[in-house]
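Down below is the structure, laid out as structure tokens.
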Ligand SMILES: Nc1ncnc2c1ncn2[C@@H]1O[C@H](COP(=O)(O)OP(=O)(O)OP(=O)(O)O)[C@@H](O)[C@H]1O
Ligand SMILES: [Mg+2]
């Protein structure tokens, strides 16, 4: 397959030398089972790359199991990865396969590998080297034929230096490394990727805007894109929907770029209600700017995955605590703190927290997330997103005595995100 066809097929647009090198590397290793380490900031395309690697391997007809190692609470990660036997801990009413077994014959994508606890790292090393592992509570050795792709947005070598990542595991994962540079370091990709998103969304929403001024193009290219391709995609979607039939000049574009850095504030949101208010609303109601609402919804979507991680951790700690308290002290003392009942695990699975399993390379991202969240809250009162976030942030800061680095780690979000949210909610 030639490089351009490959790029179109797997949604890896770009004309920079860097993206060409990435594509060439994926093509070189296609058909092999080699372990791959993907490195790059959030939103640069690690997921897309992992899917392309799986889809060009001989395992493409088997599952690609995606595990977000950073989102699974420490207490249950071993049993999530390797499974457990019936009765191995309180609430383990059934034996259960772990993700390695589920991925047998296929590929496992260990996302945010840098966040894996050290006691699990040694078990990962064994499974990488020999395919062997033990379910929790079992002395029987299992094997799985699994190809591993790992990803991180951290510098793993730095983690090795700090002592939080095993050097031997680092070398084992580092067989083939694919570095995905941030968008600001491959500016040639910005316009082609932006064009592809505009084409996609114009057809999806049956909406077009009337082109771009040269200055606006320059701004697109010179902007730093802290959220990388994901942010570029959001901006393209917003422009297509909210700037229908408009010509985009520099000022118009600027509002979208600035607005993204002041999340939660409506000061920088574009005022986009083009229709006369009286056509849509009775005199009793103030005109509602649908543009602002839609824009806010689009931005919120970016935060959903962060929020899912927070909820996973929160659920784990509150349920586990309640369960321990409900038990007689004599039993409580004998419970391994790593134990959690299967209903927490089930709830988290049902809500899609921690794992997603996909077949082949289709990516029904948004609908999937909406369904997961809806079913998760089916029998619960729904807190507002703001309330939920605020509570979790305060909880984390309290627990880590105001240490923001630790709090952001515990919440499973970047420090940048935490700072933004502190600012947004006026928390200190
Ligand atoms: N080269 C590219 N061409 C077109 N779309 C891209 C490209 N790279 C990434 N994307 C799109 O950008 C979005 C973010 O990409 P992806 O989810 O792969 O990033 P990531 O590196 O896994 O981010 P995170 O670290 O937050 O998980 C996705 O919608 C993806 O389809
Ligand atoms: Mg990803």
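The values are calculated or read from the model by the stated rules, or taken from the named source; none is laboratory data. Keep in mind that this is a model prediction, so the values were computed, not measured. Cβ: placed from backbone, ideal geometry, glycine included. Neighbour counts: every protein chain shown.
Annotations
- Members of the range 158-174 found to be touching a helix residue (DSSP H, G or I) at 6+ places or on another chain (Cβ under 7 Å) and without any contact (Cβ under 8 Å) to a residue 24 or more places away in the chain, listed by number: 160, 167, 170
- Test: residue in the range 195-205 that is part of a loop (DSSP other than H, G, I, E, B) and loosely packed, with under 15 Cβ neighbours inside 10 Å: no
So that you can scan it fast, the table gives a plain yes or no per residue for (1) touching a helix residue (DSSP H, G or I) at 6+ places or on another chain (Cβ under 7 Å); (2) touching a residue at least 60 places away in the same chain (Cβ under 8 Å):
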site: 206; (1), (2): no, no
site: 210; (1), (2): no, no
site: 213; (1), (2): yes, no
site: 219; (1), (2): yes, no
site: 228; (1), (2): yes, yes
site: 233; (1), (2): yes, no
site: 238; (1), (2): yes, yes
site: 243; (1), (2): yes, no
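- Listed conditions (1) within 13 Å of ligand 1 (Cβ to nearest atom); (2) within 23 Å of residue 77 (Cβ to Cβ); (3) surrounded by fewer than 16 Cβ atoms within 10 Å (Cβ to Cβ) are all met by residue 145, apart from (1).
- Residue check for residue 113: buried (at least 17 other Cβ atoms within 10 Å of the Cβ), out of contact with any strand residue (DSSP E or B) (no Cβ under 6 Å at 6 or more places or on another chain) and either in the same structural domain as residue 237 (by TED's automatic domain parsing) or within 27 Å of residue 55 (Cα to Cα) (or both): no
- Residues in the range 183-194 that are surrounded by fewer than 18 Cβ atoms within 10 Å (Cβ to Cβ) and touching a helix residue (DSSP H, G or I) at 6+ places or on another chain (Cβ under 6 Å): 187 only.
- Subset of the range 183-194 [part of a helix (DSSP H, G or I) and in contact (Cβ under 8 Å) with a residue 40 or more places away in the chain]: 183, 184, 185, 187, 188, 189, 190, 192, 193, 194
- Every condition in (1) surrounded by 18 or more Cβ atoms within 10 Å (Cβ to Cβ); (2) at pLDDT 95 or above is met by residue 126 except one, and the failing one is (1).
- Conditions (1) within 22 Å of residue 175 (Cβ to Cβ); (2) within 16 Å of ligand 2 (Cβ to nearest atom); (3) surrounded by 19 or more Cβ atoms within 10 Å (Cβ to Cβ): number failed by residue 47: (3)
- Residue list for the range 130-155, restricted to those being farther than 19 Å from residue 34 by Cα and not in a strand (DSSP E or B): 135, 137, 138, 139, 140, 153, 154, 155
- Candidates 87, 70 - the one that is away from ligand 2 (no atom under 16 Å from the Cβ) and either in the same structural domain as residue 225 (by TED's automatic domain parsing) or modelled with pLDDT under 95 (or both): 87
- For residue 394, the conditions (1) without any contact (Cβ under 8 Å) to a residue 40 or more places away in the chain; (2) in contact with a helix residue (DSSP H, G or I) (Cβ under 8 Å, 6 or more places away or on another chain); (3) in a helix (DSSP H, G or I) are fulfilled apart from (2).
- Among residues of the range 142-154 that are touching a residue at least 60 places away in the same chain (Cβ under 8 Å) and farther than 18 Å from residue 47 by Cα, those with a Cβ under 6 angstrom from a residue that is more than 12 Å from ligand 1 (Cβ to nearest atom) and in a strand (DSSP E or B), sequence gap 6+ or separate chain, pair up as 142/133.
- Set side by side, the residues 63, 24 differ, and just one is more than 16 Å from ligand 2 (Cβ to nearest atom) and free of Cβ contacts under 8 Å to residues at least 24 places away in the same chain, which is 24.
- Per-region count, the range 167-181, residues surrounded by fewer than 17 Cβ atoms within 10 Å (Cβ to Cβ) and not in a helix (DSSP H, G or I): 4
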